[in-house]
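Scroll down for the structure; my scribbles are underneath it.
The values are calculated or read from the model by the stated rules, or taken from the named source; none is laboratory data. A quick note: this is a predicted structure, and the numbers were derived from the prediction, not measured. Counting neighbours? That spans all protein chains shown, and the Cβs are built from the backbone with ideal geometry, glycine included. To get the accessible areas, we keep the full protein, side chains included, count just its heavy atoms, and leave off ligands, DNA and RNA. Shrake-Rupley method; radii C 1.70, N 1.55, O 1.52, S 1.80 Å.
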Amino acid sequence: MTAATDIDRAIRAAWRIEQPRLITTLSRMLRDVSLAEELTQDALVAALESWPATGVPDKPGAWLLATAKRRAFDQLRRSKMLARKHEMLLHELEREQQTMPDLDAALDDDFGDELLRLIFTACHPLLSREARVALALRMLCGLTTEEIARACLVPEATVAQRIVRAKRTLSESGLGYETPRGEELSQRLASVLEVIYLIFNEGYAAARGDEWLRPQLCDEALRMGRMLTRIAPQEPEALGLLALMELNASRSAARTDADGEPVLLLDQDRVRWDRLQIQRGMLALARAHELGGAGGFYVLQAEIVACHGRALTPGETDWPRIAALYAQLAALVPSPVIELNRAVAVSMAEGPQAALAIVDGLVDEPALKSYHLLPCVRGDLLHRLGRYREAQAAFEAAAGLACNTREQGLMRRRAREAIEAAGR
Amino acid sequence: MRFMYIVTSPQPMRGPSPEMMTAMQALSEREIKAGRMIDNGGLMPLQTGARVRIADGKLSVIDGPFVEAKEVIGGYAIFELRDKDEALAMAKEFMQLHLDHMPGWEGTCELRAFAGPH
């Protein structure tokens, strides 16, 4: 490790720590999220240029903020077409320049409000889902374009383009950089929760490629969930989503074995579940209930995962309750995937025969045509019923549909086990 | 990655100054809202504690304060951060607050990664 890369890493770390406050402060000053984001990047570049010579300053955050503000100031001053709004900003900035470097006691007070505004802007429903994901990772988590590309398994140029387009949309639409209120709030909040959940699932399920788990995306989503529930603590669905993510992530260490092979829920070593994280998930869930959130989309899902978290051994799992929760969820958002999950719970509560009846009702479902978990679940039920030949065929079909190589391997193994059982 | 921060300082322990309390609260609030600080807490003086120790195959209980203790744990925090670089940057920022708001104070902030893939 050379000294240059050491300082480089130290600089990036200092910048990431400061990044949320940098971008919220600049957004407040400029009322322009895109420009604010660019200037926070510029501040990083400036630090990368000067800190290797001067060393990391005692107060890196203050340095970065002062630099970013100075650049904002320069940019506005250079601009020939000063709008009235900008003129006012210029005066404000000039005043602030004079009082620097005594930084921001006042600004810190509205850090939460600013952050909330930023979250709502980055996750604006006007933007495509992919754009919202990219923008959230960039603006809220401080990930680079390259990191986002690697994490989301898309080319860097694609991510760059998504971000540029999204920023243009935000600028051109003249969207107010405001926190939505009243009726609009719930719709906008749903969009934010969707983005966070997408990011979490992208990391947790890693549906494509060789990586079973891309933990960084899960971590970023969790951080955003905690952020949101801290600055908007009265939203039960946000708490439900946080609970869902904490409870799912608590099993991360147990989800793969020493060779990196996936370990299914009921085979996991529960000692390796993260108790601290389970506790936090339970706390968020309880809070969601206190706020009247029972029956919400995310709260229901968290409730289901909590049933596993409460069970110290697989045998203690309250399957009838899980089946009932899935039925409630299916009534809220009719979906064949939820029905399939309900079938699994029913198989545990009542046995494979009752579950197979549900699954057989789903085989013609167009939405599940290429969904590998349908033949996988069916194979499992058939195996348990002693119908090994049919089980083998189902697992082979599942292997053909799985797009994750590890899952393909798992399906093939189950198919082989079915043949062996048939031969006995 | 999950990190624990343990702050120790030599006896006799000095509580934080009011300026330090304000600065620390601002930092904690920012870190909680940024989703990075998971937990934190200050610890009461040694006389509230006890030590259960094994030596020479025997178990013994010693009530606080422990006269032989040179360094005292004053508090802890748990953070979830991307890597050790971030953890170090965080620790430096926290300790810089002491330099700024508690002149003459000396102490150590030790940071340790949790075992397991957090």
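Under 1.5 on a/c is rounded, so check that first for region A:306-346, then, if it is not, pick prolate when a/b is larger than b/c and oblate when it is not; a ≥ b ≥ c are the square roots of the alpha carbon gyration tensor eigenvalues.
Prolate, because a/c is 1.5 or more and a/b exceeds b/c.
Could you sort B:V7, A:V359, A:V333, A:V45 by accessible area so the largest value comes first, with the probe set to 1.4 Å?
A:V45, A:V333, B:V7, A:V359
For region B:12-47, state which residues have at least 20 Å² less accessible area in the presence of all protein chains than in their chain by itself, taking the probe as 1.4 Å and leaving out ligands, DNA and RNA.
B:R30, B:I32, B:K33, B:A34, B:G35, B:R36, B:I38
Okay, helix-only estimate at 222 nm for chain A: each DSSP H run of n ≥ 4 adds -39500 (n - 2.57), divide by all residues, round to 500 deg cm²/dmol; what do you get?
-23500 deg cm²/dmol
Relative to the isolated chain, which residues of region A:223-238 have their accessible area cut by 40 Å² or more in the presence of all protein chains (1.4 Å probe, heavy atoms, no ligands or nucleic acids)?
Listed in order, they are A:R223, A:R226, A:R230.
Mind grabbing the interface size between A and B? I mean buried accessible area, both sides, 1.4 Å probe, in Å² to the nearest hundred.
Roughly 2300 Å².
Run the dipole for the protein assembly as shown about the Cα centre, Lys and Arg Cβ at +1, Asp and Glu Cβ at -1, nothing else charged, and hand back the magnitude in debye, nearest 20.
Rounded to the nearest 20 debye, it is 620 debye.
Summarise the long-distance tail of P(r) for chain B by giving the % of C-alpha pairs beyond 20 Å.
49
Take the eigenvalues of the Cα gyration tensor for the protein assembly as shown, scale each by 5, and report the square roots as semi-axes in whole Å, largest first.
45, 33, 21
Over region A:193-278, with every protein chain in place, what whole percent of the accessible area is carbon and sulfur at 1.4 Å, could you tell me?
Here it works out to 52 percent.
Using a probe of 1.4 angstrom, how much of the accessible area of region A:1-61 is carbon and sulfur, in percent?
Carbon and sulfur: 53 percent of the exposed surface of region A:1-61.
Please arrange A:W51, B:W105 by accessible surface area, largest first, computed with a 1.4 Å probe and ligands excluded.
The most accessible residue leads, giving B:W105, A:W51.
What are the residues whose amide H is under 5 Å from the amide H of B:I38, where those residues sit 5 or more places off or on another chain and H is modelled from the backbone?
Long-range HN contacts for B:I38: B:I78, B:F79, B:E80.
What accessible area per residue comes out for the protein assembly as shown, rounded to a whole number of Å², with a 1.4 Å probe?
48
Lysine pairs in the protein assembly as shown with Cα distance under 26 Å, only those 8 or more apart or on different chains: how many are there?
Lysine pairs meeting both conditions in the protein assembly as shown amount to 17.
Which order do you get for A:D274, A:D318 if you rank them by accessible area with a 1.4 Å probe, largest at the top?
Solvent-accessible surface, decreasing: A:D318, A:D274.
Dipole of the protein assembly as shown (Lys/Arg Cβ +1, Asp/Glu Cβ -1, origin at the Cα centre): which of A:L241, A:S173, A:L373 lies farthest to the positive side?
A:L373
Can you compute the charge dipole magnitude of region A:243-356 about its Cα centre, using +1 on each Lys and Arg Cβ and -1 on each Asp and Glu Cβ, nothing else charged? Give it in debye, rounded to the nearest 20.
Taking the Cα centre of region A:243-356 as origin, the dipole is about 320 debye.
Sort A:364-373, B:59-68, B:34-43, B:80-89 by the packing proxy (mean of other Cβ within 10 Å over each peptide's residues), most packed first.
Ranked from most to least packed, the peptides come out as B:80-89, B:34-43, A:364-373, B:59-68.
Can you give the accessible area of A:R230 in Å² (nearest 10), computed on protein heavy atoms with a 1.4 Å probe?
140
How much of B:M1 can a 1.4 Å solvent probe reach, expressed as accessible area in Å² and rounded to 10?
Its heavy atoms expose roughly 80 Å² to the probe.
When the accessible area of region A:282-413 is split by element with a 1.4 Å probe, what percent falls to carbon and sulfur?
Taking all protein chains in place, region A:282-413 shows 56 percent carbon and sulfur surface.
What are the ³J(HN,Hα) values, in whole Hz, obtained from phi via the Karplus relation 6.51 cos²θ - 1.76 cosθ + 1.60 with θ = phi - 60°, for each residue of region A:145-156 in sequence order, with x given for Gly and Pro?
Computed from phi, the couplings for region A:145-156 are 4, 5, 5, 4, 4, 5, 5, 9, 6, 10, x, 4 Hz.
Report the net charge of residues surrounding A:L291, where surrounding means a beta-carbon distance below 12 angstrom and charges are Lys +1, Arg +1, Asp -1, Glu -1.
-2
So, counting K/R as plus one and D/E as minus one, what does the shell of residues with Cβ under 11 Å around B:I6 add up to?
Around B:I6, the surrounding residues sum to -1.
For region A:280-336, how big is the tail of P(r) above 18 Å, as a whole percent of Cα pairs?
That fraction is 35 percent.
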